[in-house]
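The structure under discussion appears below in the form of structure tokens.
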Amino acid sequence: MATPPPTSVSATTTAVFDITGMTCASCRGRVERALAAVDGVAKVEVNLATQQARVAFDASRTERAVLVAAVAGAGYGVAAPTSPDTVGTAGRSAAERDERATLRRKLIVAGVATVPLLVLGMSHGALPFADTLAGRIVQFALATLVLFGPGARFLRGAWAAATHRTADMSTLVALGGVSAWAWATVATLAMFGEGGGHAAPHAPFEAVGSIVTFALLGKLLEARARWRLGDAVRALHALAPAVAHRLAANGVESDVPAGTLRPGDVVRVRPGERVPSDGVVVTGESAVDEALLTGESVPVARGPGQRVVGGSLVTDGALQVRVDRTGAETALARIASAVETAQASRAPISRLADRVTAIFVPLVLAIGMATFGIWWALDPSTVGFAVAIERFVAVLVIACPCALALATPAAVAVGAGRGAELGVLFRDGAALEHASRVDTVVFDKTGTLTAGRASVAAIEPVAGATAEQLLAVAAGLEVGSEHPYARAIVAAARERGLALPDVGSFRAVPAMGVTARIDAAIVRAGKSSWLRDEGVDVAPAAIVEKALAARGLTPIVVAWQNRVLGVLAVADRARPEAAEVVRQLAAAGVRSAMATGDRRAVAEAIAREVGIDDVAAELLPADKVAHVESVRRQGRRVVMVGDGVNDAPALAAADVGMALGGGTDVAGAAADVLLVRGGLGAVPTAIALARATMRTIRRNLFWASAYNLLGLPLAAGAFAGLGLELSPVFASVAMSLSGVSVLVSSLRLRRFGAAPREVTP
């Protein structure tokens, strides 16, 4: 990755470019260097598998047009961007379809011409016409057509690389094809001096056709496989309807492109249609299928004042929705953007392949020249020269930097895409790699291991207060808080029809409680230890509090001025799937632990219920960070699982932070992994998918390396004494399949499921 000195963070923006013309790691490196050299660029990340470049730059020092010019100066192109108001990748998809169509046409032409070349060139005397002057002229014409027609793309690529004083895969293909064509042409011209006899050496015109044809075949197969890398993102975009029924102020309905909607527009959504953009229901009631965000197969009721998200399916009623988010701001677009960002990133393990591929093409050229020199030195005759040329061409053609270059990004792209389909969003390739190595998961309790749907289980007034007074005061305090316990207290008061007092000067003390003023009195609700520090005499509540905590309930002490009014007990039971999640992690060799701000007795009760032995309780947010860091110092690789807001510091301190949340939380997620669907049950799925992705990367790197380590000496004739030789024809076949094999290997991840058996390392 090219990383020049960073610019001012406040002025940094990020742009994504669809690069055209890249064929191998050398191309990627050239694009990275060209972009990194632009003044104001802070970070460049170019992905060969997705053909994209992500550039972070200072918008006050450079602009998009300058970056596009830098890419063009390096010999590559940039596809025109799609409209920012349009959810979808129509422009990029069209460019990819055009590229595949062009490759198909060139492949057909090359294939039609190469078939007779192979028949004539490999007849070995069975077809006398092949070695006559007329036969050679026919072969010359066909080979020339293939090399300078469909093969011109490789010649142009090689020339562009040469003008930039570098070399890439096009260099190897072009040099191999031209070398074979030049020698075959010379051998054919020699026949004129012999009067058209049979004295001239073999002319490898069939190698010329094979090199170009199989290189084109490989590129077409790669393009098709690369297209499938984006299936997950295209599936997300497909959920957004293309047309919206917009209502004018006078109620007249008109159909408009969904991309033209603006905040404030009102749209009608009929049964069986998808909501075109995020918004709030104005009129109407319907069950809405929001499985794309929640994973729940049962539709939820939506009516006036309630939010709906773009892409969700209205099932049994018509709705009028006032749009408040459009284009890239919708939940669906943010999810798709998060997936694309992860797919375009590279995992740290790719650095090894980067170092190898940086010197790969020059090394192959050196091996090819050495091969030619050695074989010609062994036999300086014309026949020996022909053999040396054949070995030289085979070495150039069989070498494939694509396989190494695609090994990591292809697997990351498929893994990230499959994760999105399962409701697991990885921030980048590094998150995938780090998640694959974890051996400890630290869970927050409230809202993570527990359902977060707390309820008031007991009301215990003291000092002469009534239960209604105690609950009303507590609810008045908590109405300004978003904590699950606060919502439970407010809901209990409203169910009883209690009037809530007016409060002022509300203040929440993280992990402790809340304080406010009611009728000029200071009122507090929270932990007894905090109230004691605030000067409240909590002794009257001690016995009740202890008894409630022993039952696994969470006591909340309420005080008016310095006098205790009583204790409320809130129950938040463990999620039904929590015990199974802990069991699956244990089966995978991953230890589970709990870190919570709740009382120890309550925390231990929940821990026993789900099967966790390691409990750290009564922690402030800073204490959670210290606890995570202490676990890491023990040599453990830690995942912290929380809600992504209250636990943000601990999520950042862990090796991997996982946040539970819906699709609407994507933009603000302070985690490496966001569990959009599946809730707690997605934790082992995320770890299993990360491990499967890393296994795929290691397998890709192994086979790509083994292919080149075996193929190069075989093509160079190192095993000729054993009768093992590789002609340029078969070398070109092997070359075309090497990069494809890596992509096909990566695409196997699309079959990854959430079954427990796949969690194991």
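Every read-out reported here was derived from the displayed coordinates using simple, explicitly stated rules and does not represent laboratory data. Just so it is clear, the structure is predicted and the values come from calculations on it, not from any experiment. Positions of Cβ are backbone-derived with ideal geometry, glycine not excepted, and every protein chain shown enters the neighbour counts.
Of note:
- Separation between Cα centres of the stretch 562-586 and the stretch 223-254, rounded to whole Å: 41 Å
- Fraction of the pair-distance distribution of the stretch 455-571 above 19 Å, Cα-Cα pairs, percent: 37 percent
- Per-peptide average of other Cβ atoms within 10 Å, ordering 716-729, 419-432, 573-586 highest first: 419-432, 573-586, 716-729
- Simple Cβ-charge dipole of the stretch 304-463, Lys/Arg +1 and Asp/Glu -1, about Cα centre, in debye nearest 20: 220 debye
- Contact order relative to length of the stretch 484-639, as percent, for alpha carbon pairs under 8 angstrom and 6 or more apart: 15 percent
- For Ser286, residues with placed amide H under 5 Å, excluding near neighbours: Arg302
- Per residue, the convex hull spanned by the Cα atoms of the stretch 501-660 amounts to 127 cubic angstrom.
- Rounded to the nearest 20 debye, the dipole size of the chain about its Cα centre is 920 debye, using +1 on the Cβ of Lys and Arg and -1 on the Cβ of Asp and Glu.
- Long-range amide H partners of Val441 with built H, under 5 Å: Arg591, Ser592, Ala593, Val639
- Charged-residue dipole, Cβ positions (Lys, Arg, Asp, Glu), the stretch 499-542 about Cα centre, Debye nearest 20: 140 debye
- Taking semi-axes √(5λ) of the Cα gyration tensor in Å as calculated from this structure, the corresponding entry among (i) 41, 38, 22; (ii) 66, 29, 21; (iii) 45, 30, 26 is (ii).
- Taking label positions 7 Å along the Cα-Cβ direction at both Arg583 and Asp614, the computed distance is 2.2 nm, reported to one decimal.
- Under the Karplus curve 6.51 cos²θ - 1.76 cosθ + 1.60, θ = phi - 60°, whole-Hz ³J(HN,Hα) for the stretch 237-243, x wherever Gly or Pro sits: 4, 5, 6, 7, x, 7, 10
- 3J(HN,Hα) along the stretch 368-376: x, 5, 5, 4, 4, x, 5, 5, 6 Hz, from the Karplus curve 6.51 cos²θ - 1.76 cosθ + 1.60 with θ = phi - 60°, whole Hz, x for Gly and Pro.
- C-alpha center-to-center spacing [the stretch 703-734, the stretch 478-550] in angstrom: 76 Å
- Lys/Arg +1, Asp/Glu -1 at C-beta; the chain dipole; positive extreme among Met694, His164, Ser345: His164
- Among Leu220, Ser210, Ser179 the positive-end extreme of the charge dipole of the stretch 90-229 (Cβ point charges): Leu220
- Computed over the stretch 9-81, Kirkwood Rh from alpha-carbon pairs, angstrom: 11.9 Å
- Here's how it looks for Ser312: its modeled amide H is under 5 Å from those of Val275, which are all 5 or more places away or on a different chain.
- When the helices of the chain are scored as -39500 (n - 2.57) per DSSP H run of n ≥ 4 and the total is divided over every residue, the value at 222 nm lands at -16000 deg cm²/dmol.
- Extension gain for the segment Trp227 to Ala248, taken as residue separation times 0.36 nm less the Cα-Cα distance, is 3.6 nm to one decimal.
- For Asp647, neighbours were defined as the other residues whose beta-carbon sits under 10 Å from its Cβ, and their charges (Lys and Arg +1, Asp and Glu -1) total -1.
- Each residue of the stretch 218-226 is assigned a 3J(HN,Hα), and the resulting list reads x, 5, 5, 5, 4, 4, 5, 5, 5 Hz, derived from the Karplus form 6.51 cos²θ - 1.76 cosθ + 1.60 (θ = phi - 60°), x at Gly and Pro.
- Part-to-part distance (alpha-carbon centres) for the stretch 311-334 and the stretch 148-170, which is given in Å: 48 Å
- Our summary gives the stretch 9-81 a relative contact order of 42 percent, counting only alpha carbon pairs under 8 angstrom and 6 or more residues apart.
- Using C-alpha pairs under 8 Å with a sequence gap of at least 6, the mean separation divided by the residue count of the chain gives a relative contact order of 13 percent.
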